[in-house]
1. If residue A:124 passes every condition in (1) within 21 Å of residue A:82 (Cβ to Cβ); (2) not in a strand (DSSP E or B) but one, which one does it miss?
2. Could you tell me which numbered condition residue A:170 fails, if it satisfies all but one of (1) outside the structural domain of residue A:368 (by TED's automatic domain parsing); (2) more than 30 Å from residue A:27 (Cα to Cα)?
3. Taking the conditions exactly as written (surrounded by 16 or more Cβ atoms within 10 Å (Cβ to Cβ), more than 14 Å from chain B (Cβ to nearest Cβ) and over 21 Å from residue B:112 (Cα atoms)), does residue A:399 satisfy them or not?
4. Every residue in segment A:164-178 that is out of contact with any helix residue (DSSP H, G or I) (no Cβ under 7 Å at 6 or more places or on another chain) and closer than 16 Å to residue A:314 by Cα, please.
5. Scan segment A:279-294 for residues that are away from chain B (no Cβ under 11 Å) and surrounded by 15 or more Cβ atoms within 10 Å (Cβ to Cβ) and jot them down.
6. So in segment A:346-387, with the set limited to residues that are surrounded by fewer than 22 Cβ atoms within 10 Å (Cβ to Cβ), within 10 Å of another protein chain (Cβ to nearest Cβ) and free of Cβ contacts under 8 Å to residues at least 12 places away in the same chain, which one is farthest from the chain's Cα centre (by Cα)?
7. Among residues belonging to segment B:70-86 that are more than 9 Å from chain A (Cβ to nearest Cβ) and assigned to a helix (DSSP H, G or I), point out the one that is farthest from the chain's Cα centre (by Cα).
8. Being within 13 Å of chain A (Cβ to nearest Cβ), buried (at least 19 other Cβ atoms within 10 Å of the Cβ) and modelled with pLDDT of 95 or more is the requirement here; does residue B:42 meet it?
């Protein structure tokens, strides 16, 4: 499209320049209609969405309330130990009945008319179903053909792997392993190899930007060595670190794999340490923030950031591990929920270390707080001129795995998939 | 519990001075309210009440607070804002021999340069305050916030 011929500042749909995906229209982030189509096609059909960790609901009757896309769901461990995900909408009058964020129950009851459900979502009690007897007559009641079996809560399909729980409203969704794909499964299993997990807790932030921007942030190995002074100065994430970028065959998921290099500013490092954010003289007053101890399961890489489209990011940054759940709220905002954890066999020192390194991450983190800030300000730019487009052409315009991080190929890959699904 | 008027006055003064310092924009003032071997924790109420150990920020020394000040000033990109603390009356839980355990409710308002003032963070502080040769200081400060859904990010000290 010739930018000089634009006759509207507010295009109805995103207009792509050519077949590629290196120039992403701002309108891909600014339309409520498009957002609803994304919810349908990515969050509610054909995809597995992250809903939590098994360690959050260890005992029969334990539940947590969360979302799939913008739909409230309850993740619950039934009395037989199996995990179920049901939609938090009463079959009777549609009330979103579960208000607690977590807890332990024997069953679920909607307070409005006390319709009662098993933990698996089956309707098991309807008050006055057979009517009320008065003066020898039966008044009211549900119709004789009312079938409780047909009126349970909406049940989602559930899959677990390595202690992580996924759900889908689409019961025809492909198996989770196929959804992740053979290129991503090993990176998933590296972190979640079946060891028991220990829940540390949550951080929650509402970021006023389109949800895709968070996927893109973690598919963008260009910015960490520039925006994040801590990363570049202490060598945690730097353009000259040994690294690999890996995608599934449809380019929707990705792993950014990096191995910490020397933190110095030697001659080879000059290009990356001449950036404004490298601070030669920066020293920590308390070095315990970076008390990093390599762990056997790393198998080398010191940081692996895995984006599973559309709903979650899996973080290993040295000793700090977490999931980051993307919960959209309209086209212009999302809630970002961090669940930090450790492993049940961690020493006390390792637990302390993981919790200390958590200072780098989350809504106030030394490294991560500014990601939310730049996403907010990108969204402001998009809303201002939705006829324009971003430029994700570092490393060219193609899509493919690389053995370095000086590229925006993962973002281009995600939008290749996005176009495939959204334009179908 | 009731403390003697001099102790009470010192405590109220400490809270008022702290609020003025963290709202001033002069971040170097902040670590000086703490003893060297202090703890400072910013914790969502959910984690606190469920005894989950994760904090939003967890600092274990005055040196870590100084690292945070450096981070705010030099390394953390953020949209600048003003913040304003309003702190309630201290509630003394225990007191004796130069050491006070106390709490206070607080609200922090945020004002961005181009926007209206909004409620940014509310909660309560759970403190241990000790008397030192340099005056009353925080030995520990745990800020338990109700505002669990953080409006994007927290950069400046609460």
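The values are calculated or read from the model by the stated rules, or taken from the named source; none is laboratory data. Quick caveat: nothing in here was measured; it's all calculated off a predicted structure. As a convention, Cβ positions derive from the backbone with ideal geometry for all residues, glycine included, and neighbour counts pool all protein chains shown.
1. So the condition that residue A:124 fails would be (2).
2. (2)
3. On the way: surrounded by 16 or more Cβ atoms within 10 Å (Cβ to Cβ): yes; more than 14 Å from chain B (Cβ to nearest Cβ): yes; over 21 Å from residue B:112 (Cα atoms): yes.
Answer is yes for this residue.
4. Result: A:164, A:176.
5. A:292
6. Only one residue tops the list, namely A:352.
7. Applying the filter and picking the extreme gives B:73.
8. Against the criterion (within 13 Å of chain A (Cβ to nearest Cβ), buried (at least 19 other Cβ atoms within 10 Å of the Cβ) and modelled with pLDDT of 95 or more), residue B:42 qualifies.
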